[in-house]
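Just so you know, all these numbers are worked out from the coordinates, no wet-lab data involved. Please read all numbers here as calculations on a predicted model, not as lab measurements. Please note: Cβ atoms are built from the backbone with ideal geometry, for glycine as well, and neighbour counts cover all protein chains shown.
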Amino acid sequence: MTTLMKIARQGTVTEEMREIARQEQLPPEKIRDRIARGRIIIVRNQRRAERIKLKAVGEGLTTKVNVNIGTSTTVVNVKMEIEKAKVALKYGTDTIMDLSTGGDLDTIRCTLLKICDVPFGTVPIYQAFIDTAKKKRAGVYMSVDDIFNTIEKHLKDGVDFMTIHAGITLELVKRMRKHRRIAGIVSRGGAILAAWMLYNEEENPLYKDFDYLLELFAEYDATISLGDALRPGSIHDSHDYYHIAELLNVARLVRRAWEKGVQIMVEGPGHVPLNEIAWDVQLEKRLCNGAPYYVLGPLPTDIAMGYDHIASAIGAAIAAMHGADLICYVTPSEHLSLPTPEQVKEGLIAAKIAAHVADIVKLGWRASRADYEVSIARARLRWGDVFKYALDRDRVIKIYTQHGARSGACDMCGELCVYKILEKYLTP
């Protein structure tokens, strides 16, 4: 089967590669070469390649941001999830994942796929487990065929990338059962597979039958996102035996995917103390030969409830500065509730700020030029030009005019605006 990675290895520059090169201001040959080596991925299912905005993730590119949406088992409001998708697209998300666990999962997924013109991801193990529980009274009764049939269904629907928890093994789960960590397994997909393995006394099918999984993804040229089933859910679990052991498994799976020409990225933690974030990224890059790194946060503290989007932005900026390629946003409702559309917006903007802050370091002038333009506009009190660069223009204008419409200096300094003083007394 011909995949984008195989085409790149043949030395061919495709129109998709040229489009990414235009977006990223890089030579097309550089994009091609990094795709060939697995260091850049263009996230798209062949079935949707012509209907979505192409996005690439990886080495030397702008840091991308993902938004998670989806129903829960207690809150099933499809209209709200549609609104979340629209909010995410309005405020510039690069990718969207549907994590729905409640309601008609097939209908929800297909509805959101029609709305989303950016790469769209899912976690198919959720549906395999839930559908089995409905039919057979318990999710642990799902068969290996149930798992792979669900994955194939998502691929046929056009899903561009999927979280696949292939690095968690029966040996690791049994070991954890005896030597528990503080927060246990906080990955929902990881917990599902751990329960299945223990109940059935069988190896993780996604690990055992990884070659078959690669065949499925190669057929649609979709992207595997290797899930971190044993990611730390507490900063005190960070980089423990389970965290690192799974990463070692994942590193081996990355190489197997590359052998088959399948695009792949690696998912990362999780809850990680500030001083461990940089070397967490460096470790993934070293073990996985530069494969793109997709991080949830990371959250450098466990006490930021209600403000986890801020804590996450701190961790994400450091992670991205040191080479993380895709940031999964965190909302203010993390650990507390299913997010509202407004909380989706807050989480997304916090993550986009983190991505940009990191890109100033990673990419230099390619990223910082916008900051330069804003600084010039501020110094000349050209508010229209300032607003043009705002991530949330409506909010910026609302705050600027909250004490009444003005021209010239803002209300913070008024007539004592430094630029007015400079213009009056220091301009030659």
Inset, instruction - Which order do the peptides 286-292, 111-117, 74-80, 35-41 take when ranked by the mean count of other beta-carbon atoms within 10 Å per residue, highest first? - result: 35-41, 286-292, 111-117, 74-80
Inset, instruction - Give the long-range amide H neighbours of THR223: residues separated by 5 or more places, or on another chain, with amide H under 5 Å away, using H modelled in the peptide plane at 1.01 Å from N. - result: ARG44, PHE161, MET162
Legend entry - Sparsely packed trypsin sites (Lys or Arg not before Pro) within segment 334-386, loop by DSSP, other Cβ within 10 Å at most 14: ARG380, ARG382
Legend entry - Pairs of lysine residues in segment 74-142 - Cα separation under 23 Å, sequence separation of 8 or more or cross-chain: 5
Legend entry - Simple Cβ-charge dipole of segment 194-300, Lys/Arg +1 and Asp/Glu -1, about Cα centre, in debye nearest 20: 380 debye
Inset, instruction - Once you have the Cα-Cα distance between LEU416 and ASN200, take 0.36 nm times their residue separation minus that, and quote the gain in nm to one decimal. - result: 70.5 nm
Inset, instruction - Using only the alpha-carbon atoms of segment 174-270, report the extent along each of the three principal axes, biggest first, to the nearest angstrom. - result: 40, 29, 19
Inset, instruction - Kindly rank 56-62, 355-361 from highest to lowest mean number of other beta carbons found within 10 Å of each residue. - result: 56-62, 355-361
Inset, instruction - Quote the relative contact order of the chain in percent (integer), defining contacts as alpha-carbon pairs under 8 Å separated by 6+ residues. - result: 16 percent
Legend entry - Span from the segment 179-195 Cα centroid across to the segment 66-82 one, whole angstrom: 23 Å
Legend entry - the chain: calculated mean residue ellipticity at 222 nm from DSSP helix runs of at least 4, using -39500 (n - 2.57): -15500 deg cm²/dmol
Legend entry - Relative contact order of segment 321-361, defined on C-alpha pairs under 8 angstrom at six or more residues apart (%): 47 percent
Inset, instruction - May I ask you to list the aspartates and glutamates whose Cα is less than 14 Å away from that of LYS53, ignoring any residue fewer than eight positions away on the same chain? - result: GLU15, GLU16, GLU19, GLU24, ASP94, ASP117, ASP160
